[in-house]
Amino acid sequence: METTTPPQKKIIFSAIQPSGTITLGNYLGALKNWTQLQEEYRCIFALADLHTITVRQEPAVFRRNTLEAYALLLACGVDPQKSPFFIQSQVHTHAELAWILNCYTQFGELSRMTQFKDKSLKHADNINVGLFAYPSLMAADILLYQADLVPVGADQKQHLELARDIAARFNGIYSPTFTIPDPYIPKDGARIMSLQDPTKKMSKSDENPNAWVALLDKPDDIVRKFKRAVTDSEGGVRYAEGKDGVNNLIGIYSCVTGKSCAEIEKEFDGKGYGDFKAAVAEAVTDHLRPIQEEYARLIQDKAYLEQCYTAAAQTALSLSQRTLSKVMKKIGFLPPAKP
Ligand code: TYM
C-alpha cells in the first residue's frame, strides 16, 4: 500500500512587545491574523520583552505588563496547545544569535531604519545601542525558527526586509543556514491610523489617549474616543483620497464586521458622521467584549499562565538551539564545553 507523508506545514513566527497598552492597531494589523493562521501553519509566537527595554522600564510595571500582555494574547485566541507562545527573555538563544547577527549587520543598514530615527527623536536622552541594534535582535527571533512567514503590520516591513538581507548574507558567506522569511501583511488593517491625527499610525506611545483604542478600554471610553475621532468637514461616508480620518474608520469597521468598503458606503448612504462613528464604536465594542471577558478570567489564573509560558519556553529553546548550534559550527566556534 502506498503511504503518503502529509506535506510539512509552513512555519510562522511573530512577536509583540509587552509595553503596556495593546491597541486596536496591534490587534487588527497583527494579532487577529496570528490567531487565524494557527490551523493552517505551524505557528510560534513570543512576547518580545528584550525589545521593550530599549526604552526605560519601571521594574514592577514591566513585570505586570508582561504578564497582562501574555493573558491578553491568550484571550485574543492564541492557543498554547497549538502554538508555542513564549517570553523572549526566557529563551537565551535569542540574545546569543542577536549578538552574532550584529556582526553580520552593517552600521549603515541600521542607521537607515525609520523606527530608529523616530524613536531617537522621541527618546533623545536615551539613544542606546540596543535601540540601534533592535532589528538584528528581531532578525534573530525570526531566523532561529526557520520561519517562512512573519505576520506583522506595515510598520515592521522595513525590519523584515533587513532580516531577509542578513539571512541571505549569512547563507552566502557560509552555506544555506536560514530560511528567508516573507512578510505576511494583511490587505486590510495593516496600518490603523491615529484617531486624532489620521496621517500618523495608531501607536500606544502616543501621549494623547484619545488617539488610540486599547483592547481593554471600557465601552464608554471606546464610544468617547470614536465620537472625538478627527474626520473632515465635507461629510459623506465614502472612501476617497484626502479623507484619511474617514478612510481609517471605514477600515476599522470593515475589519471588525467583515463588510466590504462598498457595503459600508451603501449602509451609511445619506447618513452623517455622527451615526457612522456610533456604529464603528458599537462594532468594535461588540468585537472586543468576548476578549475582555476571557482576559478577566485568565489574569486571575496565574498558575495556568505560568504553566503555558514555561512549557512554551522549553519548546522554543529546543527548536532554536538547533539553528544556533548550526550557526556557531559554521562560523568556527569550538564545540560547547562538556559539563
Ligand atoms: P509592536 O509591539 O510595536 O507591534 C506588534 C504588532 O502590531 C503591529 N502594529 C500595527 N498594525 C497596524 N496598525 C497599527 N497602527 C499598528 N501598530 C502596531 C506591528 O506591525 C506588529 O506586527 N519589533 C516588533 C516586535 C517583534 C517582532 C519580532 C515582530 C520583535 N521580534 C519578530 C515580528 C517578528 C514590534 O515592536 O511590534
**Message:** Tell me the per residue accessible area of the range 74-217 using a 1.4 Å probe; a whole number in Å² is fine.
**Reply:** 43
**Fill in**
For 263, 207, the accessible-area ranking with a 1.4 Å probe, largest leading, is 207, 263
**Request:** Determine the order of 35, 52 by accessible area, beginning with the largest, at a probe radius of 1.4 Å.
**Result:** 35, 52
**Asked** With no solvent and one point on each alpha carbon, what is the Debye value of log10 I(q)/I(0) for the range 1-75 at q = 0.20, 0.27 Å⁻¹?
**Response** -0.89, -1.29
**Fill in**
Expressed in angstrom, Rg and Dmax over the Cα atoms of the range 151-250 are 18.7, 60
**Complete:** Any lysines whose Cα falls less than 22 Å from that of residue 82, other than same-chain ones fewer than 8 residues away, would be 9, 10, 32, 302
**Prompt:** Mean residue ellipticity at 222 nm from the helices of the chain, using -39,500 (n - 2.57) per DSSP H segment of n ≥ 4 over the full residue count, to the nearest 500 deg cm²/dmol?
**Reply:** -16000 deg cm²/dmol
**Rg/Rh (Cα only; Kirkwood hydrodynamic radius) as it applies to the range 184-339** = 1.19
**Message:** Beyond a 21 Å Cα-Cα separation, which of these cross-linked pairs lie in this structure: 218/266; 187/225; 157/326; 122/201?
**Reply:** 218/266; 187/225; 157/326
**Asked** When the chain is fully extended, how far beyond the present Cα-Cα distance does residue 275 get from residue 79, taking 0.36 nm per residue of separation?
**Response** 66.9 nm
**Message:** Contact order normalised by length for the chain, with contacts defined as Cα pairs under 8 Å and 6 or more residues apart; what percent is it?
**Reply:** 22
**Request:** Would you mind computing, in nm to one decimal, how far apart the modelled labels at residue 121 and residue 296 are, each placed 7 Å from Cα along Cα→Cβ?
**Result:** 4.1
**Request:** Quantify, in whole percent, the carbon and sulfur part of the accessible surface of the range 187-339 (1.4 Å probe; protein heavy atoms only).
**Result:** 53
**Request:** Can you send over the solvent-accessible area of residue 267, 1.4 Å probe, protein chains only, in Å² to the nearest 10?
**Result:** 70
**Asked** So what does the Cα-only Debye profile of the chain read at q = 0.06, 0.08, 0.12, 0.14 Å⁻¹, as log10 I(q)/I(0), no solvent term?
**Response** -0.24, -0.42, -0.90, -1.18
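The values are calculated or read from the model by the stated rules, or taken from the named source; none is laboratory data. What you are looking at is a predicted structure, and each value in this text was computed from that prediction instead of being measured. Backbone-built Cβ (ideal geometry, glycine too); neighbour counts: all protein chains shown. The protein model used for the area step is the full one, side chains on, heavy atoms only, and it has no ligands, DNA or RNA in it. Shrake-Rupley method; radii C 1.70, N 1.55, O 1.52, S 1.80 Å.
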